[in-house]
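Engineer: Structure provided below as structure tokens; questions to follow.
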Amino acid sequence: MTLHMTPDRDTTTPKRTPRISRLVPLMFGLALASASPIIAAQTDGSLRAHSPVQQNSATALVPVQKTEIKNQAAYERLLNNSGVTVQWLWSAQRGKLNAKDVNDVVRIDGEQANFEGTLKINGEIVSIDGDRFIFRGTILILDAPDKGRRCERTGDYEFRATGKRKYWRLQQMESCDRLTDYVDIFY
């Protein structure tokens, strides 16, 4: 067996870097870039952090002037919903969700709670279509799945019904503690 040696190459230490280790800095950079807020200019010229879908709980929300109803059947399903759940409350009954059209703005307010924790949702519907709606408001999860956990998010969120499911599911599922929260509104 003959070894081919390159004179300018040091053969005492391997120079091959596993492919995964070369990708780690790239993956980290992409993750950091996608998690960082977008900087947007305000009308007064100042800059502020802005996320296109969801906002920080300290950010004031612009009230919905009129809910855009793109699908009448979906609108009626939401008004006549059969409750709200989060998967962490395994033994809880489905929570009650009130939905009302007040001066052309659909408002929802609901809660699911038991000894395992609490889910609260409160806000307005920006628009509703056949398989989705945009909710503007606050979603709060307390003590679930772990005692002491508080996950509060305020902003615009999409709920979507897929396949033959009889519920809309929150699409921005990961927000707090790197956990995935399945918040569902049933019809």
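The values are calculated or read from the model by the stated rules, or taken from the named source; none is laboratory data. Just so you know, these numbers come straight off a predicted model, no measurement behind them. Please note: Cβ atoms are built from the backbone with ideal geometry, for glycine as well, and neighbour counts cover all protein chains shown. For the accessible areas, the whole protein counts, side chains as well, though only heavy atoms, and no ligand, DNA or RNA atoms are used. Shrake-Rupley method; radii C 1.70, N 1.55, O 1.52, S 1.80 Å.
Engineer: For the range 143-161, what are the residues that are among the hydroxyl-bearing types (Ser, Thr, Tyr) and either without any contact (Cβ under 8 Å) to a residue 24 or more places away in the chain or open to solvent by 60 Å² or more (accessible area, probe 1.4 Å) (or both)?
Structural biologist: If the condition is that a residue be among the hydroxyl-bearing types (Ser, Thr, Tyr) and either without any contact (Cβ under 8 Å) to a residue 24 or more places away in the chain or open to solvent by 60 Å² or more (accessible area, probe 1.4 Å) (or both), then no residue fits.
Engineer: With respect to Arg178, determine if the residue is out of contact with any Phe, Trp or Tyr (no Cβ under 7 Å at 6 or more places or on another chain), among the basic types (Lys, Arg), without any contact (Cβ under 8 Å) to a residue 60 or more places away in the chain and on the phi > 0 side of the Ramachandran plot.
Structural biologist: Yes: the conditions hold for Arg178.
Engineer: Just to be sure before I move on: is Ile125 under 14 Å from Asp184 (Cα atoms) and either touching a Ser or Thr at 6+ places or on another chain (Cβ under 8 Å) or surrounded by 19 or more Cβ atoms within 10 Å (Cβ to Cβ) (or both) in the structure I sent?
Structural biologist: Criteria not met by Ile125.
Engineer: Which residues, taken from the range 170-187, are part of a strand (DSSP E or B) and open to solvent by less than 20 Å² (accessible area, probe 1.4 Å)? Reasoning before the result, please.
Structural biologist: Start the filter on the range 170-187 by keeping residues that are part of a strand (DSSP E or B), which leaves 170, 174, 180, 183-186.
Across the range 170-187, the qualifying residues are Leu170, Val183, Asp184, Ile185.
Engineer: Looking at the range 101-121, is at least one residue under 16 Å from the mean Cα position of the chain (by Cα) and in contact (Cβ under 8 Å) with a residue 40 or more places away in the chain?
Structural biologist: Yes; the residues of the range 101-121 include at least one that is under 16 Å from the mean Cα position of the chain (by Cα) and in contact (Cβ under 8 Å) with a residue 40 or more places away in the chain.
Engineer: Can you pull out the residues in the range 89-116 that are over 18 Å from Arg160 (Cβ atoms) and surrounded by 20 or more Cβ atoms within 10 Å (Cβ to Cβ)?
Structural biologist: Once the filter is applied, which keeps residues that are over 18 Å from Arg160 (Cβ atoms) and surrounded by 20 or more Cβ atoms within 10 Å (Cβ to Cβ), the range 89-116 yields Leu89, Gly95, Gln112.
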